[in-house]
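Take a look at the structure set out below.
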Amino acid sequence: MILVAATPCTDPPPPGVLVPQGPDPAAAVARALDVLSEDAVLVVTDDDADRPARIADQVTASQNVALVRLGGTTTQRALAVHGLAALAPRQYGLAQALADALIAACRTRVALSSVARITSPRPSLWQHVRSLVGGSFEADLTAGTVTTTPTMTWSTSGAGVAAWSASASTGRLHLAVEGPLAPVVVPAQGSPWGSRYWAELTLLPDLPSVVRGALGSAATVSCRLCGRLVADSGCPFCRTAVSARTTSAFPIPTRERQPQ
């Protein structure tokens with residue numbers, strides 16, 4: 001089972017993914033963790049919205065939970081969750097390595113009415129000035145470029161899966177999405193780009209192929225603490241795994257365990 005709390009996810013979530021519900025996010029996650037009878041993956045981000053889930057994980061200290069930290073954007077994270085849902089429980093020790101590989105394989109474009117609050121890709125000084133009165137910009141996260149453009153046409157051709165998220169209204173943005181593949185929709189959670197109007201599209205090649213490639217190329221070892229098969233970057237169950245995509249300001253202690 002894959003558990004997500006504030007991490008962006010499609011609605012409904014993919015099969016095998018559980019989103020704990022309740023007025024108290026930390027309590028909802030804690031209840032879900034308490035009743036686990038088998039291994040599971042808890043997906044979190046370093047965002048403030050995921051702090052209750054991280055606290056609940058520390059409080060319950062379940063030995064059956066592999067913690068995975070996601071970097072990336074809203075739609076990248078949603079597609080990473082879809083990929084993680086393809087894991088068999090015996091593969092959960094490779095969950096962080098797979099999540100990193102999925103995020104790295106994403107191709108993402110963002111349409112924005114303002115680039116005043118983004119730093120990567122880095123807008124030009126003129127684009128910052130233009131943002132003061134509103135404009136139309138395209139940020140290509142793969143190419144690392146920001147372009148000023150009155151219209152945008154994006155294509156899903158060549159993708160195996162695509163994810164879309166946007167503000168309630170796209171306002172002054174003139175944007176069309178074409179191609180044979182209909183993107184899955186990720187509900188917007190505020191304005192992640194600091195722009196009043198925005199839209200984000202992420203493409204991945206064939207998802208099963210990305211999963212197979214990541215798992216097949218991962219260097220694996222047996223965890224010296226719990227004995228599970230894990231990536232050589234560390235064990236997500238014993239909290240010795242380090243994501244290649246994130247640096248956390250929220251410390252997670254390593255759990256001492258007896259080999260299983």
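The values are calculated or read from the model by the stated rules, or taken from the named source; none is laboratory data. Predicted model, so just to flag it, every value in this text is computed and none were measured. In this analysis, Cβ positions are derived from the backbone assuming ideal geometry, glycine residues included, and neighbour counts consider all displayed protein chains. The protein model used for the area step is the full one, side chains on, heavy atoms only, and it has no ligands, DNA or RNA in it. Shrake-Rupley method; radii C 1.70, N 1.55, O 1.52, S 1.80 Å.
Scanning region 17-63 for residues that are in contact with a strand residue (DSSP E or B) (Cβ under 6 Å, 6 or more places away or on another chain) and either assigned to a loop (DSSP other than H, G, I, E, B) or of a type in the set (D, E, K, R) (or both) returns Val19, Asp50, Arg54, Asp57. Scanning region 160-190 for residues that are modelled with pLDDT under 90 and within 16 Å of Glu138 (Cα to Cα) turns up Thr170, Gly171, Arg172.
Here the condition is being part of a strand (DSSP E or B), among the aliphatic types (A, V, I, L, M) and under 27 Å from Val211 (Cβ atoms); of Ala176, Ala111, Ala162, Ala99, it holds for Ala162 alone.
A quick yes/no check of all residues on (1) surrounded by 22 or more Cβ atoms within 10 Å (Cβ to Cβ); (2) at pLDDT 90 or above; (3) more than 21 Å from Ser167 (Cα to Cα); (4) among the small types (Gly, Ala, Ser):
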{"position": "Val44", "(1), (2), (3), (4)": "yes, yes, yes, no"}
{"position": "Ala49", "(1), (2), (3), (4)": "no, no, no, yes"}
{"position": "Arg77", "(1), (2), (3), (4)": "yes, yes, no, no"}
{"position": "Ala85", "(1), (2), (3), (4)": "no, yes, yes, yes"}
{"position": "Gly93", "(1), (2), (3), (4)": "yes, yes, yes, yes"}
{"position": "Leu102", "(1), (2), (3), (4)": "yes, yes, yes, no"}
{"position": "Ser120", "(1), (2), (3), (4)": "no, no, no, yes"}
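Residue pairs whose Cβ atoms lie under 7 Å apart, separated by 6 or more positions or on different chains, with the first residue in region 1-21 and closer than 17 Å to Ala188 by Cα and the second open to solvent by less than 10 Å² (accessible area, probe 1.4 Å) and charged (D, E, K, R), are Ala5/Asp50; Ala6/Asp50; Thr7/Asp50. Within region 133-157, residues that are free of Cβ contacts under 8 Å to residues at least 60 places away in the same chain and closer than 14 Å to Thr119 by Cα reach partners that are open to solvent by 60 Å² or more (accessible area, probe 1.4 Å) and among the basic types (Lys, Arg) with beta carbons closer than 6 Å, at six or more positions or on different chains, in the pairs Asp140/Arg109. With respect to being open to solvent by 20 Å² or more (accessible area, probe 1.4 Å), farther than 28 Å from Thr147 by Cα, at pLDDT 85 or above and part of a strand (DSSP E or B), Val221 fits the description. When region 64-85 is filtered for residues that are under 15 Å from the mean Cα position of the chain (by Cα) and part of a loop (DSSP other than H, G, I, E, B), the ones remaining, listed by number, are Leu70, Gly71, Gly72, Thr73, Ala85. Of the residues making up region 174-186, those that are closer than 22 Å to Pro13 by Cα and open to solvent by less than 60 Å² (accessible area, probe 1.4 Å) are Leu181, Pro183, Val184, Val186.
So that you can scan it fast, the table gives a plain yes or no per residue for (1) open to solvent by less than 60 Å² (accessible area, probe 1.4 Å); (2) under 23 Å from the mean Cα position of the chain (by Cα); (3) closer than 26 Å to Ala6 by Cβ; (4) of a type in the set (Phe, Trp, Tyr):
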{"position": "Gly135", "(1), (2), (3), (4)": "yes, no, no, no"}
{"position": "Asp140", "(1), (2), (3), (4)": "yes, yes, no, no"}
{"position": "Ala143", "(1), (2), (3), (4)": "no, yes, no, no"}
{"position": "Ser165", "(1), (2), (3), (4)": "yes, yes, yes, no"}
{"position": "Ala199", "(1), (2), (3), (4)": "yes, yes, yes, no"}
{"position": "Thr202", "(1), (2), (3), (4)": "yes, yes, yes, no"}
{"position": "Pro208", "(1), (2), (3), (4)": "no, yes, no, no"}
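Applying the set (1) modelled with pLDDT of 85 or more; (2) in contact with a Ser or Thr (Cβ under 7 Å, 6 or more places away or on another chain) to Pro89 leaves exactly one unmet item: (2). Take the residues in region 150-159 that are in a loop (DSSP other than H, G, I, E, B) and surrounded by fewer than 15 Cβ atoms within 10 Å (Cβ to Cβ), then tell me which one is modelled with the highest pLDDT. Among residues in region 150-159 that are in a loop (DSSP other than H, G, I, E, B) and surrounded by fewer than 15 Cβ atoms within 10 Å (Cβ to Cβ), the one modelled with the highest pLDDT is Pro150.
The residue pairs whose first member lies in region 55-76 and is closer than 12 Å to Leu33 by Cβ, whose second member is open to solvent by 30 Å² or more (accessible area, probe 1.4 Å) and among the acidic types (Asp, Glu), and whose beta carbons are closer than 8 Å, counting only pairs six or more residues apart or on different chains, are Thr60/Asp34; Ser62/Asp34; Asn64/Glu38; Asn64/Asp39; Val65/Asp39; Ala66/Asp39.
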